[in-house]
Amino acid sequence: MNVVSKFQLIATSAMGLEALVAKEVRALGYECQVDNGKITFEGDAHAIARSNMWLRTADRIKIKVGEFKAKTFDELFEKTKALPWEAFLPENAEFPVSGKSVKSKLFSVPDCQGIVKKAIVERLRHHYKTNGWLDENGPLYKIEVALLKDVATITIDTSGSGLHKRGYRTGQGEAPIKETLAASLIMLTNWHPDKPFVDPFCGSGTIPIEAALIGQNIAPGFNREFVSEGWGIIPTKVWDEVRMEAEDLANYDQPLDITGTDIDHRMVKIAEENAFEAGLGDLVQFKQMQVRDFTSTKDYGVIVGNPPYGERLGDKPAVQRMYKEMGEALSLLDTWSIYILTSDEEFEQVFGKPATKKRKLFNGFIKTDYYQYWGKRPPRNN
C-alpha cells in the first residue's frame with residue numbers, strides 16, 4: 001500500500017456551529033476553510049487521531065478521497081475508479097457505501113451507491129491482482145458519496161460512532177441533548193473554570209459533565225474508540241502518542257464548582273451515574289430541585305440551561321409558567337450570566353427581560369434560540 005502522508009480532512013458540524021468547530025480545528029494548529037456544515041483542513045495521520053480525540057463540537061471526521069463533477073453514471077463510475085483507493089483500503093477492507101443527493105441530475109441514491117461500490121471494487125481488484133470477489137473480512141471503512149448540485153464528494157469516515165458518543169452515557173431521559181451541542185453551549189458563554197457553573201435542567205447530566213471536561217481540559221474522545229484505530233494507514237504508535245498527549249494536557253488538579261439540578265429525582269440519579277462513568281464522580285454535584293427555588297450567595301457564576309420547550313400542545317402554559325418563575329428567581333443574581341436554549345419565541349416576554357444577545361441554533365431538527373443574559377463584570381484588580 002502506498003503510504004499517504006497528507007490527507008484532505010472534513011470535520012462535519014451541525015448547522016450554526018461551524019465557527020466553533022473551525023475555532024477548535026485552528027486551536028489544534030490546522031488552517032481550515034469553513035462551509036455549510038463542514039470545516040475542511042489538511043493534515044497527516046496525527047491530525048486524524050488528534051481531531052477525533054479533541055474536537056468537542058464536531059460531529060465526525062472524514063477523509064476526502066475525491067471531489068468532481070458527475071452528471072452521468074458513466075462519469076461517476078470513471079472518476080471514482082480514477083481515485084487512488086489502494087492508498088486507503090487494504091485488499092480485505094470491508095467498505096459499505098452510503099449516499100445522498102441534493103439538487104443533482106443523479107438523484108437515485110441506491111444507484112449512485114452501487115456505482116461507487118463497483119468502481120472501487122474494480123480499482124482494488126486491478127491493484128491487488130485478484131479476479132474473484134473481495135473478501136471484505138478486514139477493517140471497516142465507511143464510504144459516502146454525497147452529490148450536491150452535480151458535484152460528487154467521496155469520503156471515508158474515520159470516527160465510527162459520531163463524536164457526540166463520548167462513552168460516558170449509561171442512561172438518558174426522553175429528550176437528551178447531544179454532547180457536541182452541550183459543549184457548544186458552554187463554549188459560547190463567558191465561563192471560566194474558576195467560576196461557579198449551574199445547569200438547572202440537567203436531565204441526564206450532559207451539560208455539567210461537558211463543563212467538567214472543558215474545565216479540566218480532558219479530551220472528549222479519551223474514553224472511547226474510533227473506527228480508524230484498526231486501519232493500517234494510521235500506525236498504532238500515532239494513537240498511543242495522541243492518547244499520551246491527552247493525558248499530559250489534562251488538568252486534573254483544577255478545582256471546579258459545577259452543579260446540576262433537576263425536578264426529577266430519577267434523572268438526578270442517572271446524571272450521577274453518567275458523571276461517575278466519565279471519571280468525574282466527585283467533581284460535579286447533582287441535586288433534585290425546581291428552578292424557582294434556586295438561590296446562590298456566590299458571585300459571577302454562569303447558568304446554562306436547556307429547559308423543556310413546551311413543543312407539545314398543552315405543555316406550553318406549564319412551561320411558560322416555569323420560565324416566568326425562573327425569571328423571578330434568577331433576577332436576584334445580578335452578577336451571574338444566564339444562557340437558555342429554547343424554541344419558545346415568547347421566551348423573553350415570559351422570562352421578563354430582553355436578552356443581551358440571541359443566537360440561532362438547532363437542537364436536533366428543532367429550530368431554537370440561545371438567549372444570552374450577561375451579568376455585571378467583576379471589578380478590575382488594580
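The values are calculated or read from the model by the stated rules, or taken from the named source; none is laboratory data. Please read these numbers as outputs of a predicted model, since none were measured by experiment. Every residue, glycine as well, gets a Cβ built from its backbone with ideal geometry; the counts of neighbours run over all protein chains shown. In case anyone asks, the SASA skips ligands and DNA or RNA and just uses the protein heavy atoms, side chains included. Shrake-Rupley method; radii C 1.70, N 1.55, O 1.52, S 1.80 Å.
Between the C-alpha center of segment 150-166 and that of segment 181-252 there is a gap of 19 Å.
Only DSSP H runs of four or more residues enter the estimate; each adds -39500 (n - 2.57), and after division by the residues of the chain the mean residue ellipticity at 222 nm equals -9000 deg cm²/dmol.
Find the Cα radius of gyration of segment 314-375, compare it with 2.2 N^0.38 Å by division, and give the number to two decimals. It would help to have the intermediate numbers written out before the result.
Working: Rg = 11.7 Å, N = 62, 2.2 N^0.38 = 10.6 Å.
Taking N as the residue count of segment 314-375, the ratio is 1.10.
Close amide-amide hydrogen proximity is noted between N363 and T368, each under 5 Å apart and 5 or more residues distant or on a separate chain (H modeled in the peptide plane; Pro and chain starts excluded).
Per-residue counts of other Cβ atoms within 10 Å, averaged by peptide: what ranking do you get for 150-156, 117-123, highest first? It would help to have the intermediate numbers written out before the result.
Numbers: 150-156: 20.4, 117-123: 18.0.
Highest-to-lowest ranking by the protection proxy: 150-156, 117-123.
Sorted by mean Cβ packing within 10 Å, highest first, what order do the peptides 102-109, 80-87, 167-174, 140-147 take? Walk me through the numbers on the way to the answer.
Numbers: 102-109: 13.2, 80-87: 17.9, 167-174: 15.1, 140-147: 21.4.
With the highest mean Cβ count within 10 Å placed first, the list reads 140-147, 80-87, 167-174, 102-109.
Taken over segment 101-227, the alpha-carbon convex hull comes to 188 cubic angstrom per residue. From the alpha carbon centroid of segment 131-147 to that of segment 331-382 is 47 Å. In sequence order, segment 256-263 has phi-based couplings of 10, 10, 10, 10, x, 10, 8, 6 Hz under the Karplus curve 6.51 cos²θ - 1.76 cosθ + 1.60, θ = phi - 60°, and Gly or Pro positions carry x.
Projecting the Cα positions of L181, W231, I209 onto the charge dipole of segment 162-248 (unit charges on Cβ atoms of Lys, Arg, Asp and Glu, taken about the Cα centre) puts L181 furthest along the positive direction. Counting only residues at least eight positions apart within a chain, or on another chain, the aspartates and glutamates with an alpha carbon under 18 Å from that of K376 are D194, D299, E328, D334. Sorting the Cα pairs of segment 167-318 by distance into bins of 5 Å, from 0 upward, gives 2, 9, 17, 20, 19, 13, 9, 6, 3, 2, 1, 0 percent per bin.
Surface analysis of segment 274-382 yields an accessible area of 61 Å² per residue, using protein heavy atoms and a 1.4 Å probe.
For the chain, the relative contact order works out to 14 percent when only alpha carbon pairs closer than 8 Å and six or more residues apart are counted. With the convex hull constructed from alpha-carbon coordinates only, segment 48-106 shows a mean projected area of 5.8 nm² over all directions. Return P(r) of segment 196-261 (all Cα-Cα pairs; 5 Å bins starting at 0; whole %; ordered from short to long distances). Result, from short to long distances: 4, 15, 21, 17, 14, 12, 9, 5, 3, 0 percent.
Backbone phi angles across segment 341-346, fed through the Karplus curve with coefficients 6.51, -1.76 and 1.60 (θ = phi - 60°), yield HN-Hα couplings of 9, 7, 8, 6, 6, 9 Hz in residue order; Gly and Pro are listed as x. Here the Karplus curve 6.51 cos²θ - 1.76 cosθ + 1.60, taken at θ = phi - 60°, turns the phi angles of segment 37-45 into couplings of x, 8, 10, 9, 8, 10, x, 8, 4 Hz, with x standing for Gly and Pro. Measuring how big segment 274-382 is from its alpha-carbon positions, Rg and Dmax come out at 15.5, 54 Å. Counted by Cβ distance under 15 Å from V4, the other residues give a net charge of 0, where Lys and Arg count +1 and Asp and Glu count -1.
Can you give the accessible area per residue of segment 18-60, in Å², using a 1.4 Å probe? Before the final figure, lay out the partial values.
Working: 1700 Å² over 43 residues.
That works out to 40 Å² for each residue.
With the radius of gyration and the Kirkwood radius both derived from the Cα set of segment 9-111, what is their ratio Rg to Rh? Rg/Rh: 1.00.
Over the chain, with a Gaussian network built from C-alpha contacts below 10 Å, which listed residue (M322, M53, M267) shows the highest mean-square fluctuation? Residue with maximal mean-square fluctuation among M322, M53, M267: M322. Computed over the Cα atoms of segment 42-82, the ratio of the radius of gyration to the Kirkwood radius (Rg/Rh) comes to 1.18. Each peptide in 131-137, 367-373, 20-26, 198-204 gets a packing score, the mean of other Cβ atoms within 10 Å over its residues, and the list from highest to lowest is 198-204, 20-26, 367-373, 131-137.
Could you give the alpha-carbon Rg of the chain over 2.2 N^0.38 Å, rounded to two decimals?
Values: Rg = 23.5 Å, N = 382, 2.2 N^0.38 = 21.1 Å.
Against the empirical 2.2 N^0.38 Å value, I get 1.12 for the chain.
Spacing of the modelled spin labels on E86 and L249, each 7 Å from Cα toward Cβ, amounts to 3.7 nm. With 19 Å as the limit on Cα-Cα distance, the pairs of K64/K103; K287/K357; K71/K103; K64/K117; K100/K149 that go past it are K64/K103; K287/K357. Restricting segment 276-311 to trypsin sites (Lys or Arg not before Pro) that sit in a DSSP loop and have at most 13 other Cβ atoms within 10 Å of their own Cβ leaves K298. Could you give the Stokes-Einstein D for segment 72-134 in µm² per second, using the C-alpha Kirkwood radius, 20 °C, 1.002 mPa s? Using the Kirkwood radius from Cα pairs, D works out to 174 µm²/s.
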